[in-house]
1. Quick one: which residue in 228, 166, 237 is within 15 Å of the chain's Cα centre (by Cα) and touching a residue at least 12 places away in the same chain (Cβ under 8 Å)?
2. Could you check residue 145 against (1) within 19 Å of residue 9 (Cα to Cα); (2) open to solvent by 70 Å² or more (accessible area, probe 1.4 Å) and say which number it fails?
3. Return the pairs, sorted by first residue and then second, in which the second residue is open to solvent by 60 Å² or more (accessible area, probe 1.4 Å) and part of a loop (DSSP other than H, G, I, E, B), the first residue lies in segment 92-120 and is among the polar types (S, T, N, Q), the beta carbons are less than 6 Å apart, and the residues are 6+ apart or on different chains.
4. Only residues that are part of a helix (DSSP H, G or I) and either in contact (Cβ under 8 Å) with a residue 60 or more places away in the chain or under 18 Å from the mean Cα position of the chain (by Cα) (or both): list them for segment 306-327, please.
5. Specify the residue that is most open to solvent (accessible area, probe 1.4 Å); the eligible residues are those in segment 268-305 that are in contact (Cβ under 8 Å) with a residue 40 or more places away in the chain and more than 17 Å from residue 246 (Cβ to Cβ).
6. So, restricting to strands (runs of 3 or more DSSP E) that lie completely within segment 148-267, which ones have at least 1 residues that are open to solvent by 40 Å² or more (accessible area, probe 1.4 Å)?
7. As an exercise: evaluate residue 311 against (1) open to solvent by less than 50 Å² (accessible area, probe 1.4 Å); (2) more than 14 Å from residue 327 (Cα to Cα) and give the number of the one condition it does not meet.
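The values are calculated or read from the model by the stated rules, or taken from the named source; none is laboratory data. This one's a predicted model, so the numbers in the text were calculated from it and none came from an experiment. As a convention, Cβ positions derive from the backbone with ideal geometry for all residues, glycine included, and neighbour counts pool all protein chains shown. Quick note on the areas: whole protein, heavy atoms, side chains included, nothing else; ligands and nucleic acids left out. Shrake-Rupley method; radii C 1.70, N 1.55, O 1.52, S 1.80 Å.
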Amino acid sequence: MHEIAAPGTMRDVRTMYEAYPYPSPTVGSTLIGDVANSLYTLFGEDDLSGKRILDAGCGTGQRLLAVARRYPKAQFVGLDMTAASLAVAEALKQRHDIRNVEFRRSELLDFNPGYTFDIILSIGVVHHLEDPTRGIQFLASLLGESGILILWLYHSLGEHQRLLDRETLLTLWNRSEGLDAGLQVLEDLGLKLEVKRYGSSASQSESEVSQASIDVDAYLHPIVNAYRFEEIISLLRDPTQLDWAAVNNINLVDSSKLLDLAEVESGDMRYLCQTTEDLFASESLRQRFRALEPLKKLRVLENLLKPTGFTVLGGRGDSHQHLSARVRSNIIPL
């Protein structure tokens, strides 16, 4: 695990997001569809009817509301710790007339819904926790008997230079100066997070993108962890009581690729997959790669491609039977 933590507490994190709600404080006409698109690659035409779904760390809600609009027969809870973010989320909910979402304000580890969830999303949250292991264990405890946990995380290889840039900024800037001073140091260093760093712009209008919120989250956050695949698989093992894990996709600058470790995808989705032909010109190397066990395939993929982020799933029992054949072929028993 590549970990760079600035001196800071969750109070600093709360203050940061109250001042710069993420991903955008704009109550606009567009939502961010990348997570909704990702769920389609997992569940296909399943409408998730009757499913209870938690978004743990929903921020300003652009992603959660896009998911809820795509799956109107499911019920959603959006959890966040900041009033500023949830005010934006509530306004967006009203503007887009989305009725199958409720928002709750709570610190993650203090959240007590009184029931379990069929699916838990946590997009870009766990890597910002003071204790990611405890966070994952807590999220797993909220899963139902056949629940699925879906995490999006920074990858340490693709994020290496950004995290070095962040470390430079945090060395030059003192948090007591305030966030605006931090943004000035960021500008003086010539740093800026490109919107397409983790794939496409995901359908949000350029006029509704908040570059300041994006940069604060990327460079001024006091807590950042980044992972290689085997590290996060280890975190998903006991004591989470999850039974299996699978990596669904990787994010690269300006693109995303689905993983199809057993090469079972043959339909229209295949063009979205990372293929062995893309990796190796040599048929001999392709055969060597195909002979590897899943974790070793993941190691080769990350070394060659250096992803900036990735989506990993963990689940209980036979919950993976509800997923596409491609995802099932990526399963790693825990």
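1. Among 228, 166, 237, only 228 is within 15 Å of the chain's Cα centre (by Cα) and touching a residue at least 12 places away in the same chain (Cβ under 8 Å).
2. (1)
3. Correct list of pairs: 100/72.
4. 319, 320, 322, 325, 326, 327
5. Only one residue fits best here, namely 303.
6. Qualifying strands (runs of 3 or more DSSP E): 255-259.
7. Just one mismatch for residue 311, condition (2).
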